[in-house]
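All remarks here apply to the structure that follows.
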Amino acid sequence: MTIAWVFPGQGSQKLGMADTLLELSGARERFELASEILNRDLLKIISDNDNQTNQIEDLNDTRNTQPALFVVESLLVDDLIRQGRKASLVAGHSLGEIVALYAADVFDVETALKLLKCRSELMARAGGGAMFAVMGFERDQLNALVDSTEGVVIANDNSTSQVVLSGNPEAVESVTSILKCKRAIPLQVSGAFHSPFMEKASEEFSKELDLINFNKASVPVLSNFDPTPTCDPIKLKEKLRSQMTSGVRWRETMDLMVKEGINTIIEIGPGKVLGGLAKRSLKGIVTSHVSNSTDLGY
């Protein structure tokens, strides 16, 4: 079995996603560290309780979503490694790329959390844009419309039949109103992520990256910006530097996994979005999910 670990990004979060993980080694300490760095109680925000209306709004705030998903996914990774389980490749969707870099020993937990605090705050401040998920379209028509419309880009190229458009609200709505597709759904986000709208945020994030030392990856990492496997720390930093303004090339990432001989994709984190994309897009690929203590074998 040749295995790839993949890590989902925003949209996979849910209340209670850490409830079964709190007895894992180091779990409560990791939440305490995250809360100290963020200056708010992250565990309280994501725990399942009676006040869910306000709480889900807090969890869906990108400043909480990004570090919360990292803590949950990194705890799952640590336990898999303790069990002696390994991957031949790792990749993450958007913020999941930072989890992939952590899983490949490129940096430690504290560094990842500080990066995500910076990244999420910058992205939350970069408002003014819009994002639409589009399903069931004709690729040539989509590309032609995007190419001919200023202010819109393909932010997430998830599969042959699913993309996310990002950019100026009027430009995005113009494309989706003309495009023949099954569905076009506006996403509840604070800005036009993975687009030129993030240029200022990306410049500030780049300054933060300059302060951090990247280690050589212990397993090849596929970047959203350029899904070519590499362990080179300089290349991995440069790819992450470009990620905020470039599209997530997940369709190419999945195709590359097949070319690299991957036959099993394990999605690590809440939800089954990436596994679902792989099932619908790739033939002969086995998918599985690790999202809670039961999946870990407890």
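The values are calculated or read from the model by the stated rules, or taken from the named source; none is laboratory data. As the structure is a computational prediction, the values presented were derived from the model and not from experiment. When we count neighbours, we look across all protein chains shown, and the Cβ atoms used for this are built from the backbone with ideal geometry, even at glycine.
Descriptive notes on the structure:
- The set of residues from region 177-217 being touching a Phe, Trp or Tyr at 6+ places or on another chain (Cβ under 8 Å) and either assigned to a helix (DSSP H, G or I) or charged (D, E, K, R) (or both) comprises K180, K182.
- Here L59 meets the list (1) under 28 Å from V219 (Cβ atoms); (2) surrounded by 19 or more Cβ atoms within 10 Å (Cβ to Cβ) almost entirely, failing just condition (1).
- Members of region 146-174 found to be part of a helix (DSSP H, G or I) and in contact (Cβ under 8 Å) with a residue 40 or more places away in the chain, listed by number: P169, V172, E173
- Residues that are at pLDDT below 95 and over 22 Å from S206 (Cβ atoms) were ranked within region 104-131; the one that is surrounded by the fewest Cβ atoms within 10 Å (Cβ to Cβ) is A130.
- Count of region 226-258 residues which are assigned to a helix (DSSP H, G or I) and small (G, A, S): 1
- Any hit, region 82-94, residues being of a type outside the set (V, I, T) and in a helix (DSSP H, G or I): yes
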